[in-house]
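Okay, so here's the structure we're looking at.
Any read-out appearing in this document is the output of simple, stated calculations on the displayed coordinates, not a laboratory observation. Remember, predicted model here, so these are calculated numbers, not experimental data. Note: ideal-geometry Cβ built from the backbone for every residue, glycine included; neighbour counts use all protein chains shown.
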Amino acid sequence: MTDAPPDPAAPSPPKPHGVLNRETDSLFRLLVESLGDYAIFALDPTGRVLTWNPGAHRFKGYAADEIIGRHFSAFYPPTDIAAGKPEWELEVAAREGRFEDEGWRLRKDGTRFWANVVITAMRNSAGTLIGFAKITRDLTERRLADERAIEDARRVARSDEANRAKSGFLAAMSHELRTPLNAIGGYADLLLLNVGGAMSEQHRQYIHRIRSSQQHLLSIINDLLNFSRIEAARVSFEIASVSLCEVIEAVTPMVEPQATAKRLPIQHPTGPDAAAVADRARVEQILLNLLSNAIKFTEPGGRIELACERIGDRVALRVRDSGVGIPPADLDSIFEPFVQVGPLTSPHEGTGLGLAISRDLARAMNGDLEVESTVGKGSHFTLWLPAYDPPRVG
């Protein structure tokens with residue numbers, strides 16, 4: 001009678017214990033040698049290197065024949081060696097079974113890396129210490145990233161503290177300066193009303209110059225204070241539906257005296273109204289700034305045009321002038337703080353904060369402020385804001 005063929009589904013017979021141990025040892029060695037991101041090696045009970053894997057070679061720099069037999073303190077900075085740290089780590093591992101630490105270690109070329117180190121005591125079946133297993137990971141990149149994050153946090157904290165101090169200083173300064181400036185303006189107005197007696201025409205001209213200088217200084221203080229508040233995110237907004245035509249009607253009378261003096265007619269929009277989702281007071285502030293700049297940098301006899309329209313889900317409030325224009329190289333910088341519009345030789349005064357404040361206000365209302373310009377032909381500023389859609393009924 002012939003033997004039956006073996007059943008392929010039947011479990012394999014157990015291998016001899018010695019064969020199993022050899023295969024396990026081979027698998028373990030393969031595992032250790034394939035872990036290139038970890039330095040895995042063994043130490044004898046005194047701390048001398050017994051084994052060395054490719055990961056240890058890769059980021060410590062020693063080949064196996066250069067380090068096996070040497071004491072593992074070769075990886076430690078001189079200060080740690082002088083303090084007896086390597087020996088202490090082995091004592092802790094032998095006593096408690098395991099030691100873990102993070103700190104600076106040295107490569108063969110002397111450069112440092114930040115390492116996570118785990119040392120595990122190895123004992124035989126009788127409990128006798130026969131050596132240590134040591135696993136090291138290079139965490140230099142993680143440490144550098146942590147240090148950068150900490151430094152960024154410190155920088156933000158310092159910046160916040162500086163902003164608070166600056167805001168407090170500007171608030172105090174504005175109060176201290178506004179009080180006498182308002183007094184100067186008030187007394188100038190009284191003199192112009194002939195309170196205290198009539199004045200000659202020359203005296204009146206002097207008073208007008210005093211009043212003009214007072215208003216200029218007050219404007220500078222207000223710009224500085226507004227800019228500081230925006231930087232510190234302390235500006236509040238009352239968002240609602242805003243008619244751009246109503247904004248134009250409210251703001252243009254404020255600048256008409258200056259425009260009339262330079263023979264600059266301001267052409268109002270003739271098309272349909274456009275409604276924005278915004279803070280009306282802030283929109284008026286932006287338009288007043290744009291119109292003031294247009295008048296300031298447009299020669300007598302020129303023109304200024306206003307327009308508003310809806311485009312998709314945004315509305316545009318446009319201010320065009322026929323003024324001196326802005327060089328292409330300066331278009332990106334005019335919205336930066338303390339940058340003056342127009343040529344550097346321009347006699348026009350100001351803080352250079354008006355456009356910076358205007359753009360920041362526009363962006364805080366989910367809008368933006370853009371410019372197109374040609375030197376000698378004029379500039380075209382556009383305030384973009386979210387469009388308002390009235391709620392549907394029914």
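Computed values, structure above
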{"read-out": "Exposure proxy ranking, count of Cβ atoms within 10 Å, fewest first, for 104, 52, 114", "value": "104, 114, 52"}
{"read-out": "Mean Cα-pair separation over length for the stretch 240-386, i.e. relative contact order, pairs under 8 Å, 6 or more apart, %", "value": "24"}
{"read-out": "Exposure proxy ranking, count of Cβ atoms within 10 Å, fewest first, for 389, 80", "value": "389, 80"}
{"read-out": "Net charge of neighbours whose Cβ lies under 14 Å from the Cβ of residue 47, counting Lys and Arg as +1 and Asp and Glu as -1", "value": "-1"}
{"read-out": "Residues of type aspartates and glutamates that residue 60 reaches as a straight line, Cα spacing below 12 Å, ignoring anything fewer than 8 places off in the same chain", "value": "37, 109, 138"}
{"read-out": "Footprinting exposure proxy for 245, 308 (fewest neighbouring C-beta atoms within 10 Å first)", "value": "245, 308"}
{"read-out": "Gap separating the Cα centres of the stretch 48-88 and the stretch 239-303, nearest whole Å", "value": "76"}
{"read-out": "Linear extension gain, residue 155 paired with residue 88, 0.36 nm per residue minus alpha-carbon span", "value": "20.3 nm"}
